[in-house]
Amino acid sequence: MFKKIAIGSMVALSFASLLTLAPINQADAAKKKVSLKELNVQFVPSSQADTIADKVKPLESLLKKQLGIPVHVTISTDYNTIVEAMGSKKVDMGFLPPAGYVQANKQYGAKVILQSQRLGMTDNNTGENTDKLVNYYRAMVVVRKDSGINSIKDLKGKKIAVQDTTSDSGYMFPAIDLDKKGVNIMKNNIQLVTVKGHDQGVISVLNKDTDAAFIFDDARNIVKKDNPDVFKDTKVLMYTSKIPNDTISLRKGISAKDTKTIQSAMIKVAKSTEGKKVMNEVYSWAGVTKSKNSNFDVVRKYETALENLK
């Protein structure tokens, strides 16, 4: 008799436990706003990767709150790595520069959902911002003021710090715009030195390891804290034409519904106080705006020109 009562009590308790747990599970399911089980996000470093890893970490909790799923944020080693990761579906969302997006779109069908907005930059060699939000930026060629380099023709026979060849501001746009003005970086006895991060390009010029550097406008601000005289010691030799701002892009295979939800979530995050801080510290972004594939046709034209540069 005791055995039957004990078994009956256990069943009753188990049933009661299930009733208690059911609302919690239903609540968890209700919080999930996308069909993805998790969202893997990756950044491309514009400066040394180890310095921005901690800065982007808050994005995990900010996006998780909006989407209701686990979010994992990592830093890629270079522009090509993140493109390949998106192609193999190891990364769902990439913070890609224009050329990286064009490559990911062409090879793996990635789609842009947002484009960054930045405060415009002055051209008075101070690194200061204007008060106007813009959807473009420029690259620039910087040299030391005491280098004796006063025109782009003086770059012939010199050492130039560059980024990977897929970098818009660290390679492609400066290379093509210089070529348009009669300086072919593939000729003229110019030595190209590849460095990792635009901050390293600036430092190489400051240390006289190279004579010039291709950097985004104005990457000197990254090193200003440790090198307070950077603007005093360097000057801008040339600004490039306008480059479309960086993208937030999704890999192929994410549904239209999930795409819209992620897009809305990122807009909300970018408007939040903590989200703004992340975007500003990592990429100097002041906000995001919706984007479309055709915005990057100019990048495609520059890529074609680069392929023909010999």
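The values are calculated or read from the model by the stated rules, or taken from the named source; none is laboratory data. Since this is a predicted model, take the numbers as computed values, not measurements. Here the Cβ is made from the backbone with ideal geometry for all residues, glycine too, and neighbour counts use every protein chain on show. Each accessible area value is taken on the protein alone, full model and side chains, heavy atoms only, with ligands, DNA and RNA left out. Shrake-Rupley method; radii C 1.70, N 1.55, O 1.52, S 1.80 Å.
Worth pointing out:
- Sequence-distant contacts, meaning Cα pairs under 8 Å at least 6 residues apart, place the relative contact order of segment 133-213 at 42 percent.
- For the chain: accessible area per residue (Å², 1.4 Å): 51
- Cross-link pairs beyond the 20 Å C-alpha cut-off, checked among 158/225; 111/257; 55/242: 158/225; 55/242
- Theoretical ellipticity at 222 nm over the chain - DSSP helices of four or more residues, -39500 (n - 2.57) apiece, nearest 500: -13000 deg cm²/dmol
- Solvent-accessible area of residue 294 with every protein chain in place, 1.4 Å probe, in Å² to the nearest 10: 60
- Zone residues, segment 281-299, relative to residue 61, backbone N less than 19 Å from point 7 Å out along Cα-to-Cβ: 281-282
- The share of C-alpha pairs in segment 121-217 whose separation exceeds 16 Å stands at 54 percent.
- Treating r as the C-beta distance of residue 126 and residue 69 and R0 as 45 Å, the FRET efficiency rounds to 0.55.
- Carbon and sulfur %, accessible surface of the chain computed with the full protein complex present, 1.4 Å: 52
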